[in-house]
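Asks: Here it is: the structure, laid out below.
The values are calculated or read from the model by the stated rules, or taken from the named source; none is laboratory data. What you see is a predicted model, and the numbers here were worked out from it, not measured in a lab. Neighbour counts are summed over all protein chains in view; Cβ atoms, including those assigned to glycine, are modelled from backbone coordinates with ideal geometry. Accessible surface areas use protein heavy atoms only, side chains included; no ligands, DNA or RNA. Shrake-Rupley method; radii C 1.70, N 1.55, O 1.52, S 1.80 Å.
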Amino acid sequence: MNVGAGQEASRHVLSELGFETRGVGEDLHGSAAITPEMHVPDVGWLRTSILAVWADTLIGLLAARVTAPRVPVTLELDVQLYRPAPAAGIVRGIARTRKAGRSVFVAGVEFTSDGGEPLAIANGSFMLAPDPELKLPPTLSIDLPAQSRRLDRPFAERVGCVRRGPGVAVLPRSEDGLNASRTVNGGLIALAAEEAALSLAPGATLCSLGLRYLQPARTGPVVADARARDGLGQVELRDHGNGDRLVALATTRTFGT
C-alpha cells in the first residue's frame, strides 16, 4: 500500500507520482502522466520501478478490498516490459484479481499507453500483515484522485536514494515513504533495487524487475547490493539499521541482453 496508516495521501511521496485509480466493476483502473522527473537518469525513459510502484498500488488496493480492516502486505511483485517505457504521455493500468484466498491474494496488471499500445504486464501477491492489531485507515477507498502536488525533482533524489558505488544503492527510511504497516514501502524498495542494478549498466533501463519480499524493512536505511552478468542481475536488499537483515531479493534484466 502506498499510504501510511494515519497519513493523508497528499503527504506521501508516492502520491507525487500523480497516479489516480477508480473501480470499474471488479477491476481497478489507474492512470498517470509521465514527467521528466520519472525518467531513468541520462536515459529519458520512464523508470521500470515506477511501473512497479503503480502495480503495487493497484494490486494492494484490490487486496485491501478483500482484507479490510486488516492490512495486506506484498509478498511478490514483478514487472515485464515489451519495450523500453515511453518518455512522455499517459500510462494506463488495469488490475484484475486472479485469486482471493484466505491466506494469499493474487492479481495482475496490464499497462498500456493512452492509445492502447501494450507497455508491460505485472503480477503481485499479497498476504495479511502478521500483526492483527495493524488496521487500514477507516476512510481508505480504492478510488483515489491524482494529487495536485507532483515531483519537483528526480524520483531517486526526492526519496534520498543514492548510488554509493558500482552495484550499491542506499535508501533511507522516511516518514513520507512508509506503507500501512509503518515499514518502508515496497515500491521504494523496488527503486533501490533498480538503482543498484542500473549502476552496473550505465545508459540502460530494466526490461524485467522481480521482487520477493522476505520481511519488513523497519529501521533503514535499506542497502541494495547488486551483481550482474550478461544483463541478468540479482540484488540483495538489507535493513542496515536492523542487523543487516535480508528484507528482499530482486531479479533484474536490462534491455538488449
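Asks: Among the residues of region 58-85, which ones are open to solvent by 30 Å² or more (accessible area, probe 1.4 Å) and either closer than 22 Å to C207 by Cα or of a type outside the set (A, V, I, L, M, F, W, C) (or both)?
Replies: Scanning region 58-85 gives R65, P69, R70, L75, E76, D78, Q80, Y82, R83, P84.
Asks: Has region 3-18 got at least one residue that is open to solvent by less than 30 Å² (accessible area, probe 1.4 Å), outside any helix (DSSP H, G or I), at pLDDT below 95 and of a type in the set (A, V, I, L, M, F, W, C)?
Replies: Scanning region 3-18 turns up at least one residue that is open to solvent by less than 30 Å² (accessible area, probe 1.4 Å), outside any helix (DSSP H, G or I), at pLDDT below 95 and of a type in the set (A, V, I, L, M, F, W, C).
Asks: Can you tell me which residue in region 205-217 is nearest to the chain's Cα centre (by Cα), limited to those that are under 13 Å from L246 (Cα atoms) and in contact (Cβ under 8 Å) with a residue 40 or more places away in the chain?
Replies: Of all residues in region 205-217, those under 13 Å from L246 (Cα atoms) come to 211-217.
After this cut, where a residue has to be in contact (Cβ under 8 Å) with a residue 40 or more places away in the chain as well, the list is 211-213, 216-217.
Values: L211: 10, R212: 12, Y213: 12, P216: 14, A217: 14 Å.
Looking at the filtered set, the residue picked out is L211.
Asks: Then there's this: Can you tell me how many residues within region 86-120 are within 22 Å of G210 (Cα to Cα), open to solvent by 70 Å² or more (accessible area, probe 1.4 Å) and modelled with pLDDT of 95 or more?
Replies: Qualifying residue count for the region: 5.
Asks: Now for a separate question. Among the residues of region 37-55, is there at least one that is assigned to a loop (DSSP other than H, G, I, E, B), surrounded by fewer than 23 Cβ atoms within 10 Å (Cβ to Cβ) and among the β-branched types (V, I, T)? Step through it out loud before you land on a result.
Replies: Just the residues of region 37-55 that are assigned to a loop (DSSP other than H, G, I, E, B), to begin with: 40-45, 47.
Subset that is surrounded by fewer than 23 Cβ atoms within 10 Å (Cβ to Cβ): 41-45.
So of that shortlist, the ones also among the β-branched types (V, I, T) come out as 43.
Checked against the condition, which is being assigned to a loop (DSSP other than H, G, I, E, B), surrounded by fewer than 23 Cβ atoms within 10 Å (Cβ to Cβ) and among the β-branched types (V, I, T), region 37-55 yields at least one hit.
Asks: Here's another thing I want to ask about it. I'd like to check which strands (runs of 3 or more DSSP E) are fully inside region 161-227 and have at least 3 residues that are in contact with a strand residue (DSSP E or B) (Cβ under 6 Å, 6 or more places away or on another chain) and open to solvent by 10 Å² or more (accessible area, probe 1.4 Å). I'd like the intermediate steps shown before the answer.
Replies: On the way: elements: 162-165, 168-171, 206-213.
Filter on region 161-227 gives 162-165, 206-213.
Asks: Regarding region 141-160, can at least one residue be identified that is open to solvent by less than 20 Å² (accessible area, probe 1.4 Å), assigned to a loop (DSSP other than H, G, I, E, B), farther than 18 Å from L14 by Cβ and not polar (S, T, N, Q)? Break it down stepwise before answering.
Replies: So in region 141-160, the residues open to solvent by less than 20 Å² (accessible area, probe 1.4 Å) come out as 151, 155-156, 159.
If we keep only those that are assigned to a loop (DSSP other than H, G, I, E, B) too, we end up with 151.
Filter once more, so that each one left must be farther than 18 Å from L14 by Cβ: none.
No: zero hits.
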